[in-house]
1. If you check every pair at least six apart or on different chains, which have Cβ atoms under 8 Å apart with a residue in the stretch 150-166 that is modelled with pLDDT under 95 first and a residue that is part of a helix (DSSP H, G or I) and crowded, with 18+ Cβ neighbours inside 10 Å second?
2. Can we say D130 is within 30 Å of R28 (Cβ to Cβ) and free of Cβ contacts under 8 Å to residues at least 24 places away in the same chain?
3. Hey, can you tell me all the residues within the stretch 1-19 that are more than 18 Å from A220 (Cα to Cα) and of a type outside the set (S, T, Y)?
4. Restricting attention to the stretch 197-232, which residues are within 18 Å of A24 (Cα to Cα) and exposed (fewer than 15 other Cβ atoms within 10 Å of the Cβ)?
5. Within the bounds of the stretch 51-74, is there any residue that is surrounded by 18 or more Cβ atoms within 10 Å (Cβ to Cβ), in contact with a helix residue (DSSP H, G or I) (Cβ under 7 Å, 6 or more places away or on another chain), closer than 22 Å to L170 by Cα and among the hydrophobic types (A, V, I, L, M, F, W, C)?
6. List the helices (runs of 4 or more DSSP H) inside the stretch 1-93, counting only whole elements, that have at least 1 residues being without any contact (Cβ under 8 Å) to a residue 60 or more places away in the chain.
7. Could you check, for the stretch 14-28, whether at least one of its residues is surrounded by fewer than 18 Cβ atoms within 10 Å (Cβ to Cβ) and over 16 Å from the mean Cα position of the chain (by Cα)?
8. Would you point out which residue out of G211, G229, G218 is in contact with a Lys or Arg (Cβ under 7 Å, 6 or more places away or on another chain) and either under 22 Å from T16 (Cβ atoms) or not in a helix (DSSP H, G or I) (or both)?
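The values are calculated or read from the model by the stated rules, or taken from the named source; none is laboratory data. Values in this document were obtained by computation on a predicted structure and should not be read as measured data. Here the Cβ is made from the backbone with ideal geometry for all residues, glycine too, and neighbour counts use every protein chain on show.
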Amino acid sequence: MRGLFVTATDTGVGKTVLSAALLAALARKGEAVRAYKPVVTGLEDPAEIAARGVWPPDHELLATLAGMEPEDVSPFRYGPAVSPHLAAGLAGESIDPAALLSRAREWPGESAGTLIVEGVGGLLAPLSADYTVCELAVALGLPVLIAARPGLGTINHTLLTLRAAREAGLDVLAVVLTPWAEKPTVMELSNRSTIASLGDVQVLGLGHVPGPDAEQLGRAGAHLVETLGLIR
């Protein structure tokens, strides 16, 4: 399986936009792509809906860019804006880790293109009572990108996420700060260099994308796919 696992320091830090930008940029280069976000929550939460603005739900956005059906991108979908294990419990269900893995492995193989897997929340978010996003990433064996905020607090959150990922044996390709301003502040520049130095990791930026337009997403993600060597 060829692809990337996109995780984040927290929920709401831009990993869906990052995943979408990667998909759009790869597609613009003629790559076959597939998206997988195993669980999506908050589909019926008024605050979540308002916060999205012009953006569609995560699984619908990724499906559009990958040429897939939304239910194939996210097999588990819930209304409340809560963690996956709680959302499933409130629905009288449980999320089977084996089912999550089998759906991801339906991707037909390396020759067919690139799989972008987007995690849920942060790396240690529980998908079930005893199975985290981190464990799913380990089982899939894909290299990891970490989406993080550029502003205050990001150093601690990002270094903790890096430590957890590496202790689990994950291969972290880079941290991506998003949205990265055209004219970053002194603090943002310092945060970027400090994370790179203390975390011994490549730190990239993804600029602001105003809406779910594939061309805009593709342009924003182009430097990432080139820098990370995702184009064969």
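1. Listed by first residue and then by second, the contacts come to nothing, as the list is empty.
2. It is false that D130 is within 30 Å of R28 (Cβ to Cβ) and free of Cβ contacts under 8 Å to residues at least 24 places away in the same chain.
3. Correct list: M1, R2, G3, F5, A8, D10, G12.
4. Here is the first cut: in the stretch 197-232, the residues within 18 Å of A24 (Cα to Cα) are 204-232.
The answer is H208, P210, G211, D213, E215, E226, T227, G229, I231, R232.
5. no
6. 46-52, 58-66, 70-73, 84-90
7. yes
8. Numbers: G211 fails: in contact with a Lys or Arg (Cβ under 7 Å, 6 or more places away or on another chain); G229 fails: in contact with a Lys or Arg (Cβ under 7 Å, 6 or more places away or on another chain).
Going through G211, G229, G218 in turn, just one is in contact with a Lys or Arg (Cβ under 7 Å, 6 or more places away or on another chain) and either under 22 Å from T16 (Cβ atoms) or not in a helix (DSSP H, G or I) (or both): G218.
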